[in-house]
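Below is one structure, written out as structure tokens, with a few remarks after it.
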Amino acid sequence: MPGTPAWNGTSATVSRALRLIEDGVLDRSSIDALCERLGIGARQLRRLFRKHLGTSPIQVARMRRADFARRLIETTRLSMTHIAEAAGFGSIRRFNAVMNEVYGCPPTALRKGSVHGAVGLELEIPVRRPFAWDALLVSLEATATPGIEKVADGRYHRTARFKQAVGEVSASFDEDDSALRVRVSHSLNSYLLDVVSGVRRLFDVEADVAVIREHLAGDPLLDTCLQTTPGLRVLGAFDHFETAVMTLLGQHVGDEELAELARRINEKYGKPINASLDGLTHVFPTPYALSTAHLEAVGVPKRRSKSIQGLAKAVHEGELRLDGSPSLDEALRGLRAVPGLGTTTADYIAMRVYREPDAFPANDRRLRTVASSNGGSLAAHELEALAERWRPWRAYAAMCLWERARCNGTESPTYFQGNRDTITPEAPEQVA
């Protein structure tokens, strides 16, 4: 499981399989479907899991469902039937059998004392210490998509859509218990696994910060950040498509312009929602909606409009996967095939959406500046060469450098800005 020595040393194929299982692929489809997405046979995948993890893909998925069900039992008042359904068990009989096998008692015995209710359900996601919650929240607040995301009272709030269900999700960090407290509206009860997977991705919960820190510690460019902001994660993506679109839309424009363009797109092509929190008004448009959208009508530059349409069309038609199935090279090739989507934007998306720990946007202006020792700016190839010493954790090194720039007061608190102030809105980014 994540965090074990077996996980850290596993092959790239097993790592990709684990990410897909964590995202619920085996809750919705078969082992053969998982293998098809990985491009290998079922027997080979089972052999790799047995070799590297000492277990099978089905057992990993079963333990994931059992652990999720246990958390629902202990922290909610949902009925056992509803919990069995929400955790992905095919029947109450199967649910009872698995819980007995895993925990040595019937599921009803796991239910503790009274559960204090709130609006919707409250779930708990354990997080390894240290965890740089404040730094992540500052960045999320600065980059919040209008109508979709909001930071208020120390919590991250957002709207969410899973198939036809829409609702709200919010998260805060409990320092005492080192856990994320996640509130989910009742309308999303059937998609709790998807919600938890999205939150885990967004806050990079699986990161083994001790291993990463050990590798990067002592580096003169990174040490200050590692000391002052321990546990910094790579911001991920709650919604793969939304994050990819916002990353593409956000290149070469300022924060205020990005917020205004996003607001217009959401109001015209998103779905309205009656949220409990002021400021949350829509769920993000679907790939189909944006594949046919006339974004120039809401102020998106022509080249950027075509790029977003191309991305949306590729996702909608299944030509481009934004989950964990492609390797880093495959992901970058697929992204760069989208007209107008350049190398730097592809690297950002690889970091956030594909959760590639070694993705590195060497052409990023701020990275090239903060890594320079003479007050100037490194060339992209110079930074690429320098970053070799940070493999296989270059994405975390990039986060440290961005955080260093933010703490120096020379940049806004946003990550993944790219070259907004050095390229005009209509100037094309270098495309591979």
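Of the helices (runs of 4 or more DSSP H) that lie entirely inside the range 280-346, those containing 2 or more residues that are within 30 Å of LEU26 (Cβ to Cβ) and in contact with a His (Cβ under 6 Å, 6 or more places away or on another chain) span 287-291.
For ARG129, the requirement of being surrounded by fewer than 16 Cβ atoms within 10 Å (Cβ to Cβ) and in a loop (DSSP other than H, G, I, E, B) is met.
Here is a check on your reading of the model: is SER187 free of Cβ contacts under 8 Å to residues at least 40 places away in the same chain, more than 28 Å from GLY254 (Cβ to Cβ) and either outside the structural domain of GLY88 (by TED's automatic domain parsing) or not in a loop (DSSP other than H, G, I, E, B) (or both)? So SER187 fits the description; yes. Which residue pairs have Cβ atoms closer than 7 Å, lie 6 or more positions apart in sequence or on different chains, and pair a first residue in the range 127-138 that is under 13 Å from GLY154 (Cβ atoms) with a second residue that is not in a helix (DSSP H, G or I)? Listed pairs, sorted by first residue: TRP133/PHE173; LEU136/PHE203; LEU136/ARG233; LEU136/LEU235; LEU137/VAL151; LEU137/TYR156; VAL138/PRO413. Taking the range 140-167 as the range and being crowded, with 22+ Cβ neighbours inside 10 Å and under 17 Å from GLU124 (Cβ atoms) as the test, only TYR156 passes. Of the listed requirements (1) in a helix (DSSP H, G or I); (2) under 20 Å from VAL196 (Cα atoms), GLY90 misses just one: (1). Per this entry, THR108 is counted among residues that are more than 30 Å from TYR269 (Cα to Cα) and at pLDDT below 95.
A quick yes/no check of all residues on (1) of a type in the set (A, V, I, L, M); (2) in a helix (DSSP H, G or I); (3) in the same structural domain as SER15 (by TED's automatic domain parsing); (4) more than 22 Å from the chain's Cα centre (by Cα):
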{"position": "ARG183", "(1), (2), (3), (4)": "no, no, no, no"}
{"position": "SER197", "(1), (2), (3), (4)": "no, yes, no, no"}
{"position": "VAL205", "(1), (2), (3), (4)": "yes, no, no, no"}
{"position": "GLU214", "(1), (2), (3), (4)": "no, yes, no, yes"}
{"position": "LEU221", "(1), (2), (3), (4)": "yes, no, no, yes"}
{"position": "LEU232", "(1), (2), (3), (4)": "yes, no, no, no"}
{"position": "GLU242", "(1), (2), (3), (4)": "no, yes, no, no"}
{"position": "ALA262", "(1), (2), (3), (4)": "yes, yes, no, no"}
{"position": "ASN274", "(1), (2), (3), (4)": "no, no, no, yes"}
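Return the only residue of ARG77, ARG64 being out of contact with any Ser or Thr (no Cβ under 7 Å at 6 or more places or on another chain), touching a residue at least 40 places away in the same chain (Cβ under 8 Å) and crowded, with 19+ Cβ neighbours inside 10 Å.
Answer to the check: ARG64.
Looking only at the range 258-310, how many residues end up being in contact with a Leu (Cβ under 7 Å, 6 or more places away or on another chain) and among the basic types (Lys, Arg)? Residues that pass the stated criteria total 1. One residue stands out in the range 168-183 among those that are surrounded by 21 or more Cβ atoms within 10 Å (Cβ to Cβ) and not hydroxyl-bearing (Ser, Thr, Tyr): the one that is farthest from ARG129 (Cα to Cα), namely GLU168. The selection criterion, being surrounded by 15 or more Cβ atoms within 10 Å (Cβ to Cβ) and more than 24 Å from the chain's Cα centre (by Cα), does not hold for LEU18.
Within the range 295-342, being out of contact with any helix residue (DSSP H, G or I) (no Cβ under 7 Å at 6 or more places or on another chain), modelled with pLDDT under 95 and not hydrophobic (A, V, I, L, M, F, W, C) holds for PRO301, ARG303, GLY318, GLU319, ARG321, ASP329, GLU330, ARG333, GLY334, GLY342.
The values are calculated or read from the model by the stated rules, or taken from the named source; none is laboratory data. All values reported here derive from a predicted model rather than from experimental measurement. Positions of Cβ are generated from backbone atoms using ideal geometry, with glycine treated the same way; all protein chains shown enter the neighbour counts.
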